[in-house]
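Notes for the one structure printed next.
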Amino acid sequence: MKKFLLSLLSLVLSLSLCGCWDRREIGEIAIVMGFAVDSTENEDEIEITAQIANTRTIAAASESGGSGGGEQKPYLNLSASAEYVFPAIRSSITKSGSKLYMSHNYVILFGQELAERGLEKYMDFFLRDHELRLDMPLLVARGQGADVLDADTGFQSIPALHINDLISTQKQLSTGMTVTILDFMDRLSADRGAPMIPIMEIKEEKEKQTLHLSGTAVFDNDTMIGELDEQQTRGCLWASGKVNEAVIMTEVGDDKIGIEVSQSSGGIKAETDDSGNTTMVLSVHARGDIGSVRGSEDYTTKEGVDILLKAFAGEIEEEIRSCLEKSRELKADVFGFSDILYRYHPKLWDQMQDAEFHNLPVRIEVETKLDSSGRLGQPIH
């Protein structure tokens with residue numbers, strides 16, 4: 001009886017050790033690392049470009065210590081055209097012989113011309129497909145996204161990985177923002193505040209290609225209407241409390257000082273006076289260290305520190321004001337004033353739903369502190 005029970009238990013346990021019924025071998029799938037959607041000459045069609053990891057080349061290089069790939073690139077760029085993203089992806093199977101596997105994708109690029117036509121009707125697939133993460137970064141390519149995915153910069157063997165590195169490291173300067181699928185669709189669906197997406201472009205430097213995050217595309221609903229430059233982008237980030245690190249260059253007389261921002265916070269609130277007039281208050285608190293001084297003044301004295309703090313605050317305010325002026329030029333609520341009123345002042349929102357939020361009066365308040373002058377006190381004369 002005991003042997004029978006043991007045999008029965010073994011049989012039951014073995015039933016739970018089934019394999020992965022839906023597994024796919026790596027050779028049967030095309031692993032997508034980067035993805036672009038571009039316009040075509042036919043306005044009823046788009047072209048998708050999927051950057052696929054060339055697993056054979058990578059494996060050969062690994063086995064030979066990095067030299068087994070020959071002249072083949074470690075990636076393949078596969079393109080296909082259709083009316084929308086999903087049928088274009090499906091038609092790509094006829095070229096690749098494998099289904100595109102999107103779970104490891106690092107970035108989605110939209111060509112600028114397509115962004116200027118409107119993106120909403122192409123977003124459904126990225127929200128619906130279960131393989132795609134909603135925290136995937138979006139970029140607008142200056143020109144065609146396919147060209148950005150084929151840029152040979154030499155920094156990474158696969159361009160999509162280099163693009164991902166650039167998105168991560170821009171946090172050290174805070175001259176670019178990170179916008180995910182969810183971020184973009186949140187603003188787009190709420191219709192409060194102007195949706196924005198960072199811009200990526202190719203530059204030629206000393207006969208070599210380099211990729212740069214160069215400003216931010218501003219949208220009216222789903223259509224790109226203009227852009228913020230890098231300083232204007234940081235102005236928006238200051239007010240939103242999203243500056244992590246930054247380097248501020250300021251001038252005091254003939255001296256040039258570099259300040260490394262180590263900490264900052266920011267916020268936007270609405271104030272209404274007794275007459276019912278609403279003012280948006282943009283407040284920033286920033287602190288940092290003196291990184292460099294080109295000049296002869298001593299900025300470690302009380303007088304010197306006060307002068308430098310004023311210049312530090314002035315640079316931050318100027319970046320915010322430049323962004324504010326650009327938002328009024330574009331007639332776009334890039335700071336999200338409408339969303340602030342909707343969330344925190346619902347009664348006021350009900351009265352102002354049709355207001356031109358980008359034209360609301362603004363007061364900018366900046367407070368700065370210096371923590372250190374580094375290993376040097378007085379400058380080198």
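What's the total number of residues in the range 282-310 that are hydrophobic (A, V, I, L, M, F, W, C) and within 20 Å of Val243 (Cβ to Cβ)?
Residues in the range 282-310 being hydrophobic (A, V, I, L, M, F, W, C) and within 20 Å of Val243 (Cβ to Cβ): 6 in total.
Gly314 - would you say it is in contact (Cβ under 8 Å) with a residue 40 or more places away in the chain and assigned to a helix (DSSP H, G or I)?
yes
Taking the range 154-170 as the region of interest, how many residues are surrounded by fewer than 17 Cβ atoms within 10 Å (Cβ to Cβ) and under 10 Å from the mean Cα position of the chain (by Cα)?
Within the range 154-170, residues that are surrounded by fewer than 17 Cβ atoms within 10 Å (Cβ to Cβ) and under 10 Å from the mean Cα position of the chain (by Cα) number 1.
Identify, from the list Asp274, Asp298, Asp354, Asp333, the residue that is under 20 Å from Pro195 (Cα atoms), in a loop (DSSP other than H, G, I, E, B) and either over 31 Å from the mean Cα position of the chain (by Cα) or modelled with pLDDT under 90 (or both).
Of Asp274, Asp298, Asp354, Asp333, the one residue that is under 20 Å from Pro195 (Cα atoms), in a loop (DSSP other than H, G, I, E, B) and either over 31 Å from the mean Cα position of the chain (by Cα) or modelled with pLDDT under 90 (or both) is Asp354.
Only one of (1) out of contact with any strand residue (DSSP E or B) (no Cβ under 6 Å at 6 or more places or on another chain); (2) buried (at least 20 other Cβ atoms within 10 Å of the Cβ) is not met by Leu188, so which one is it?
(2)
Pick out the one residue from Leu134, Leu119 that is surrounded by fewer than 15 Cβ atoms within 10 Å (Cβ to Cβ), touching a residue at least 40 places away in the same chain (Cβ under 8 Å) and of a type outside the set (Val, Ile, Thr).
Selected residue: Leu134, the only one of Leu134, Leu119 that is surrounded by fewer than 15 Cβ atoms within 10 Å (Cβ to Cβ), touching a residue at least 40 places away in the same chain (Cβ under 8 Å) and of a type outside the set (Val, Ile, Thr).
For Leu308, state whether it is crowded, with 16+ Cβ neighbours inside 10 Å, over 28 Å from the mean Cα position of the chain (by Cα) and of a type outside the set (Asp, Glu).
Considered against the rule, which asks whether it is crowded, with 16+ Cβ neighbours inside 10 Å, over 28 Å from the mean Cα position of the chain (by Cα) and of a type outside the set (Asp, Glu), Leu308 comes out as yes.
Scanning the range 208-235 for residues that are of a type in the set (Val, Ile, Thr) and at pLDDT 95 or above, which turns out nearest to the chain's Cα centre (by Cα)?
Top of the filtered list is Thr216.
Residues Leu127, Leu78: which one is loosely packed, with under 15 Cβ neighbours inside 10 Å, among the hydrophobic types (A, V, I, L, M, F, W, C) and in the same structural domain as Leu161 (by TED's automatic domain parsing)?
Leu127
Within the bounds of the range 221-241, is there any residue that is among the β-branched types (Val, Ile, Thr), in contact with a Gly (Cβ under 8 Å, 6 or more places away or on another chain) and in the same structural domain as Leu166 (by TED's automatic domain parsing)?
Yes.
Hey, among Thr175, Thr180, which residue is crowded, with 20+ Cβ neighbours inside 10 Å, assigned by TED's automatic domain parsing to the domain that holds Ile31 and either of a type outside the set (A, V, I, L, M, F, W, C) or within 18 Å of Tyr106 (Cβ to Cβ) (or both)?
Being crowded, with 20+ Cβ neighbours inside 10 Å, assigned by TED's automatic domain parsing to the domain that holds Ile31 and either of a type outside the set (A, V, I, L, M, F, W, C) or within 18 Å of Tyr106 (Cβ to Cβ) (or both) holds for just one of Thr175, Thr180, which is Thr175.
In this structure, does Glu303 turn out to be assigned to a helix (DSSP H, G or I), outside the structural domain of Leu119 (by TED's automatic domain parsing) and at pLDDT 95 or above?
Answer is no for this residue.
When the residues of the range 273-291 are narrowed to those that are touching a Gly at 6+ places or on another chain (Cβ under 7 Å) and β-branched (Val, Ile, Thr), which ends up surrounded by the fewest Cβ atoms within 10 Å (Cβ to Cβ)?
Ile290
Taking Asp274 and the conditions (1) free of Cβ contacts under 8 Å to residues at least 60 places away in the same chain; (2) under 25 Å from Ala190 (Cβ atoms), which numbered condition does it fall short on, given that it satisfies the others?
(2)
Could you grab me the full set of residues in the range 73-111 that are assigned to a strand (DSSP E or B) and under 18 Å from Ile29 (Cα atoms)?
Tyr75, Leu76, Asn77, Leu78, Ser79, Ala80, Lys99, Leu100, Tyr101
The values are calculated or read from the model by the stated rules, or taken from the named source; none is laboratory data. Predicted model, so just to flag it, every value in this text is computed and none were measured. Positions of Cβ are backbone-derived with ideal geometry, glycine not excepted, and every protein chain shown enters the neighbour counts.
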